[in-house]
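Read the figures in this text as sums done on the coordinates, not as results from a lab. Note that the structure is a prediction, hence the values are computed from the model and not measured. All Cβ positions, even for glycine, are placed from backbone atoms using ideal geometry, and neighbour counts span all protein chains on display.
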Amino acid sequence: MKKTLLFFTFLIGIISINAQTLEELKATQKVKKDSIAAIQGRVNAIQGQIDALPGWKKGAFGTIGGSISSFKNWYAQGTPNNNSGNIGFTVNAFANLTQDKFFWRNAGNINLSWVKLDDKDDPTDSDKFREATDVFNITSLYGHKLSETFAISGLAEYRTTILSNFNDPGFLDLGVGATWTPAKDLVVVIHPLNYNFVFSSNAVIDFESSMGAKILVDYTRQINAVSFKSNLSMFQSYKSSDLSNWTWTNSFGYTLWKMIGIGFDFGLRQNKQEAFNYQQSQPGSISAAKLEDADNKLQSYWMFGLNYKF
């Protein structure tokens, strides 16, 4: 009986010691975490001071996504014997110069992807990759500062596709107006004097250039392991709303290990001239149709995959 009592007393003592040790370790861990948070806060404050210094700031991040598959005698689907795959990537880059009296902000976005579906039961079916997503956009914004948040500015923006129809069509905006920078990472451009040049050579329709107003909003930010960029570009034609267009692109990246992580990109666009050109190129289209009758559906894309931060 005494041995049993002694054993239970010993066991309770061990449990009590372990519990006490666990609480002590958790308390120590909390102190360490608080210390790390304090150090990170000081590092972020110093980085903010570095970012505020005049000079060039450059950076880039992108997303790579892809998959391949092969099916044989998989009768549950419409093409039981096939090889398929898709691959794509996006790159967002910037080079910004900040000085006491002026700034010069440059940015580029490329989003390309290819897909294939090779039906083994169809000898006429192509086994090659073909273009899916094709986005190319560059901007250059110069501003003469009137204050820390307002500037008189000039903007050049060019967007097109590059895989199969480079500059056909291509859209170039040139304009002047004002730029508002309420925060370090946020830029709002309002240019009431802007000309939208549209270039095309082999298009089905004759694209039309026009005068109008340009609005551009860009927010690019990096918070520890998270990088993201959102860009809205709008052109409102003074001649006709049918010649107006807008594009909204977004990129998100989260670093998991060193420079590698996961990324997600998506974009939306409406451009009636592009929609009309596509609809007129389809079999059975009415050649006498007018631009105003085009079905200007919302365009969209998205991509998810590995992310690499340069």
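Take the Cβ atoms of Met259 and Thr124, set R0 to 51 Å, and the FRET efficiency comes out at 0.70. Taking 7 Å steps out from each Cα toward its Cβ at Lys72 and Glu148 produces label points 6.9 nm apart. Other residues whose C-beta falls under 12 angstrom from the C-beta of Ile87 contribute a net charge of +1, scoring Lys and Arg +1 and Asp and Glu -1. One chain, two ends: Ser209 and Thr79. Fully extended at 0.36 nm per residue, the span grows by 42.3 nm beyond their Cα-Cα distance.
Excluding same-chain residues fewer than 8 positions from Lys297, which aspartates and glutamates have a Cα within less than 16 Å of its Cα? Within reach: Asp242, Glu274. Taking packing as the residue-averaged number of other Cβ atoms within 10 angstrom, the listed peptides 160-170, 116-126, 205-215 run from highest to lowest as 205-215, 160-170, 116-126.
Separation of the range 204-243 and the range 98-134, taken as the distance between their Cα centroids, equals 19 angstrom. Peptide packing: for 226-232, 63-69, the average count of neighbouring Cβ atoms within 10 Å per residue gives the ranking 226-232, 63-69, highest mean first.
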